[in-house]
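Note sheet for the following structure.
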Amino acid sequence: MKLMSELLKPAQVAGLDLKNRVVMSPMCMYEVAKEDGIATDFHFAHYGARALGGVSLIITESTAVLPDGRITKNDLGLWNNQQAEKFSQLVSYLHGLGTKVGVQLNHAGRKAEDAKLKWAPSAIAYNDTYGQPKEMSLAEIAEVKEAFVAAAKRAQAAGVDVIEIHGAHGYLLNQFLSPKTNQRNDEYGGTLAKRYRLVDEIVRAVRAEFTGSLWLRISATDYAPGAENTMADWKQVAGWLQAAGLDCLDVSTGGLLDVKPNIPLYDGYQVQFASALKAASDLSVAAVGLLDNPGLCEYLVQTKQVDLILQARALLRNPNWVMKAATALHDHDYQAYNASYERARL
Ligand SMILES: Cc1cc2nc3c(=O)[nH]c(=O)nc-3n(C[C@H](O)[C@H](O)[C@H](O)COP(=O)(O)O)c2cc1C
């Protein structure tokens, strides 16, 4: 019998058969120099290195569902078939290296840096540099919804295992969810249920098209006490998301407001939100943020506070972070990518 760490042994989570619980968190690379939203050789090398490094799942960077939904014009996109064709090659390539693949679908809303016309639930600027966005009409809201669904169909055809809808970090869906940025008086604003409505519609519409594991990333706090969704609100939302067919909630924080949160930063500083939502729902829950310490990750998984550990900057520093974790956890049964990689184990 293998005595593997809980972090690194195979697990079934959110409908996925995973070789371990370490996931590459989405990270924008802004490497699409041609501004056409199509993956480049860089993406094959960048994600390929992390696949060889042994993460169980790679969630590729924020990928726009519409041209003006890009954070910058150098983002990836999935709004046309040329983008889908190259993305499909990337997915097959990464599958061939033994990792599962997800895509993070996003519309940046008022934080679309390069969009001439920025869309938002209400005409409230992120800051002076970004400028005032346009309050979306109902037709524009429907267009965004259709764009998420069209991109999801392309992702499904490309063979992804996971679609993560980006509802965090101050992008469009986060803007709809927050009472600070959503001051609409119609069916998409006002109460929590109405602010959540667009997310619900998108999750349900994507669910109807996508057979894989469906995730949502949220910002559990906007660091705006008294003017944000509370944990009680998020617990309510988690129940609604489960009913809508979501598989996994990826719990981050911040990004909505142009203020640097005045909070102490320590290992696992966002985990409290993830574990509270795991305790309150039957959704699988992923934690992210300063989780570079393998011992802490093992503890969080062993104590079932969260299901999955997402790594971002640690994987930029070291594509072979999983091997480092195996060594730190004295996991003698962990197998690196091949016998040659195995020789690098400390
Ligand atoms: C270079 C970089 C790009 C990022 N781009 C995205 C992104 O596209 N989508 C997203 O949800 N988060 C993005 N993030 C946030 C990370 O996914 C992660 O939530 C954050 O870095 C905290 O995790 P860490 O401490 O492991 O780095 C990015 C972070 C970095 C460092």
Taking only complete DSSP H runs, can you tell me which helices of the chain stretch 18 Å or more along their own long axis by Cα positions and average at least -1.0 on the Kyte-Doolittle scale? 81-96, 138-158, 192-209, 231-244
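What translational D, rounded to a whole number of µm²/s, comes out for segment 235-346 from Stokes-Einstein when the hydrodynamic radius is the Kirkwood one over Cα pairs, at 25 °C and 0.890 mPa s?
Details: Rh = 15.8 Å.
Roughly 155 µm²/s, to the nearest whole number.
How high is the relative contact order of segment 98-159, given as a whole-number percent (alpha carbon pairs under 8 Å, six or more residues apart)? Write out the running numbers ahead of the final one.
On the way: 54 pairs, mean separation 16.7, N = 62.
Relative contact order for segment 98-159 comes out at 27 percent.
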So how much slack lies between Ala279 and Ala339, counting 0.36 nm per residue of separation and subtracting their Cα-Cα distance, in nm? 17.6 nm
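Once the piece of chain linking Lys304 and Tyr223 is laid out straight, how much longer is it, given 0.36 nm per residue of separation minus the C-alpha distance between them?
On the way: separation 81, 0.36 × 81 = 29.16 nm, distance 2.63 nm.
In short, 26.5 nm is gained.
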Can you give the three extents of the C-alpha atoms in segment 112-214 along their principal axes, from longest to shortest, in whole Å? 40, 31, 24
Using the Cα atoms of segment 34-141, I'd like the radius of gyration and the largest Cα-Cα distance, Dmax, both in angstrom. 16.0, 46
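Using Cα-Cα distances under 8 Å and only pairs 6 or more residues apart, what relative contact order does segment 215-346 have, in percent? If you can, show how the numbers build up before the last one.
Values: 169 pairs, mean separation 25.8, N = 132.
Once normalised by length, the contact order is 20 percent.
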Relative contact order (%) - the chain, alpha-carbon pairs under 8 angstrom, separation at least six: 18
Checked against the positive end of the charge dipole of the chain (+1 on Cβ of Lys and Arg, -1 on Cβ of Asp and Glu, about the Cα centre), the farthest of Ala11, Pro121, Gln89 is Ala11
Going down the table (Lys153/Lys194; Lys116/Lys194; Lys118/Lys304; Lys116/Lys180; Lys100/Lys134), which pairs top 31 Å between alpha carbons? Lys118/Lys304; Lys100/Lys134
Using 1/(1 + (r/R0)^6) with R0 = 25 angstrom and r between the beta carbons of Asp233 and Leu138, what's the FRET efficiency to the nearest 0.05? 0.55
Might you tell me the accessible area per residue for segment 11-342, computed with a 1.4 Å probe and given in Å²? 39
Carbon and sulfur together cover what percent of the accessible area of the chain at a 1.4 Å probe radius? 50
Separation between the Asp114 and Ala243 pseudo-spin-labels, each 7 Å from Cα along Cα→Cβ, expressed in nm? 4.1
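Quote the Stokes-Einstein diffusion coefficient, in whole µm² s⁻¹, for segment 11-342, based on the Kirkwood radius over alpha carbon pairs, a temperature of 10 °C and a viscosity of 1.306 mPa s. Present the calculation step by step, with values, prior to reporting the outcome.
Details: Rh = 19.9 Å.
In µm²/s, the coefficient rounds to 80.
The values are calculated or read from the model by the stated rules, or taken from the named source; none is laboratory data. This one's a predicted model, so the numbers in the text were calculated from it and none came from an experiment. Every residue, glycine as well, gets a Cβ built from its backbone with ideal geometry; the counts of neighbours run over all protein chains shown. Keep in mind that these areas ignore ligands, DNA and RNA; they rest on the heavy atoms of the full protein, side chains included. Shrake-Rupley method; radii C 1.70, N 1.55, O 1.52, S 1.80 Å.
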